Amino acid sequence: LEACAAVSTRSGGYFTTTPGGTFDPSGYVKGWAIERAAAILTAAGSAEHSVNGGGDVQCTGDRRWRIGIADPLHPGRLALVVAGQDFAVATSGVAERGAHIVDPFTGQPPAGLASITVVGARLAETDAYATAAFAMGSAARDWVESLDGHEAFAITAAGATWQTSGFGRYRD
């Protein structure tokens, strides 16, 4: 709950454990659980592995990992492939679960983005940031630019794309 509160503060309230007024910390807990599973594998001696939960992935090791990102506007197609070493990838949007994220200030699904993919070192934080960024809509780009160690790629509801200044190093 402390980690959730920190992300909520960092995101200006766009990340919340009470979307729609109901307690639901899954926007952080899912990434935390995946990250924790990867740490258990590392502690057991696995030097290279990836742990995937609902499309959000913690990749561990020096190999170059390649992660496909679903195209939210064209089911069954990839929008892009991200690649890196020892990193986390999280996508929030409408591709898999429809409009399930709400803007906590309006109580409505956010407008503007169809999906946003955030990359960083640790999945718990990266996944929570992706959720907050999606809820922000058009303000997400500047916000993610302000986060140390995180980059983003977004697809707008109209099909246009944008990326943060450092995201290019993750494109495959």
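Yes/no per residue for (1) of a type in the set (F, W, Y); (2) open to solvent by 10 Å² or more (accessible area, probe 1.4 Å); (3) touching a Cys at 6+ places or on another chain (Cβ under 6 Å):
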| position | (1), (2), (3) |
| --- | --- |
| L113 | no, yes, no |
| A121 | no, yes, no |
| D127 | no, no, no |
| A133 | no, no, no |
| S138 | no, yes, no |
| R141 | no, yes, no |
| L147 | no, yes, no |
| G159 | no, yes, no |
| W162 | yes, yes, no |
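Looking at this structure, is R141 closer than 23 Å to W65 by Cβ and of a type in the set (K, R)?
Working: closer than 23 Å to W65 by Cβ: no; of a type in the set (K, R): yes.
In short, no.
Within segment 104-139, how many residues are in a strand (DSSP E or B) and within 13 Å of A152 (Cα to Cα)? Reasoning before the result, please.
The initial filter retains those residues of segment 104-139 that are in a strand (DSSP E or B), namely 113-120.
From the residues that got through so far, the ones that are within 13 Å of A152 (Cα to Cα) too are 113, 115-120.
Adding up the residues that qualify gives 7.
Quick one: is S92 surrounded by 17 or more Cβ atoms within 10 Å (Cβ to Cβ), among the hydroxyl-bearing types (S, T, Y), modelled with pLDDT under 95 and under 28 Å from D142 (Cβ atoms)?
Working: surrounded by 17 or more Cβ atoms within 10 Å (Cβ to Cβ): yes; among the hydroxyl-bearing types (S, T, Y): yes; modelled with pLDDT under 95: yes; under 28 Å from D142 (Cβ atoms): yes.
The answer is yes for S92.
In segment 23-57, how many residues are part of a helix (DSSP H, G or I) and of a type in the set (D, E, K, R)? Steps first, please.
Initially, segment 23-57 is screened for residues part of a helix (DSSP H, G or I), giving 26-43.
Applying the additional criterion that residues be of a type in the set (D, E, K, R) yields 30, 35-36.
Residues meeting the conditions: 3.
Quick one: T91 ticks every box in (1) part of a strand (DSSP E or B); (2) more than 13 Å from the chain's Cα centre (by Cα); (3) free of Cβ contacts under 8 Å to residues at least 40 places away in the same chain bar one, so which box is it?
(2) is the only condition that T91 fails.
When you go through A140, A83 one by one, which is the residue that is touching a strand residue (DSSP E or B) at 6+ places or on another chain (Cβ under 8 Å) and over 21 Å from Y28 (Cβ atoms)?
Details: A140 fails: over 21 Å from Y28 (Cβ atoms).
Among A140, A83, only A83 is touching a strand residue (DSSP E or B) at 6+ places or on another chain (Cβ under 8 Å) and over 21 Å from Y28 (Cβ atoms).
Give segment 32-88 a look and list any residue that's buried (at least 16 other Cβ atoms within 10 Å of the Cβ), touching a helix residue (DSSP H, G or I) at 6+ places or on another chain (Cβ under 9 Å), under 24 Å from G112 (Cα atoms) and of a type outside the set (A, V, I, L, M), or say none.
D56
Restricting segment 116-137 to residues that are touching a Pro at 6+ places or on another chain (Cβ under 9 Å) and among the aliphatic types (A, V, I, L, M), which is farthest from G27 (Cα to Cα)?
Going through the qualifying residues, I end up with M136.
The values are calculated or read from the model by the stated rules, or taken from the named source; none is laboratory data. These figures come from a predicted structure and were not determined experimentally. Because the Cβ atoms are built from the backbone with ideal geometry, glycine has one as well, and the counts that use them run over all protein chains shown. Surface accessibility is based on the protein's heavy atoms, side chains included, excluding ligands, DNA and RNA. Shrake-Rupley method; radii C 1.70, N 1.55, O 1.52, S 1.80 Å.
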